Amino acid sequence: MAEGKMWTQRDRFGNDIYLTRERWRHIIDPDNHPEVELYFDYVRETIRLGRRHQDPYVHMATSTIGLFPTCLTITLTWLSACAFAG
């Protein structure tokens, strides 16, 4: 696995999604969402099994939503890599 990647997870559509250490540090930063650190495994499950939808206003953005028995909802949003192609 490339340096900096914590893991790569294939979603239910066959796309490989990866999480880098830098992005994870950003997510759990005290100014962002430190409470998510406890739910690291749920983040990966959300990518693997979650429902996906396209943002109607930002067409390059996609969200995946996972619902868990603890009444926890995780929403992951990202921009398509092609959004940055120049």
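The values are calculated or read from the model by the stated rules, or taken from the named source; none is laboratory data. Quantities reported herein were computed from a predicted structural model and do not represent experimental measurements. Cβ atoms come from the backbone with ideal geometry, glycine included; neighbour counts cover every protein chain shown.
Give the residues of segment 7-19 that are surrounded by 11 or more Cβ atoms within 10 Å (Cβ to Cβ) and of a type outside the set (V, I, T), sorted by residue number.
W7, Q9, R10, D11, R12, N15, Y18, L19
Checking the condition surrounded by 14 or more Cβ atoms within 10 Å (Cβ to Cβ) and either modelled with pLDDT under 85 or not in a strand (DSSP E or B) (or both), which residue from E3, E37, E22, E45 passes?
Of E3, E37, E22, E45, the one residue that is surrounded by 14 or more Cβ atoms within 10 Å (Cβ to Cβ) and either modelled with pLDDT under 85 or not in a strand (DSSP E or B) (or both) is E45.
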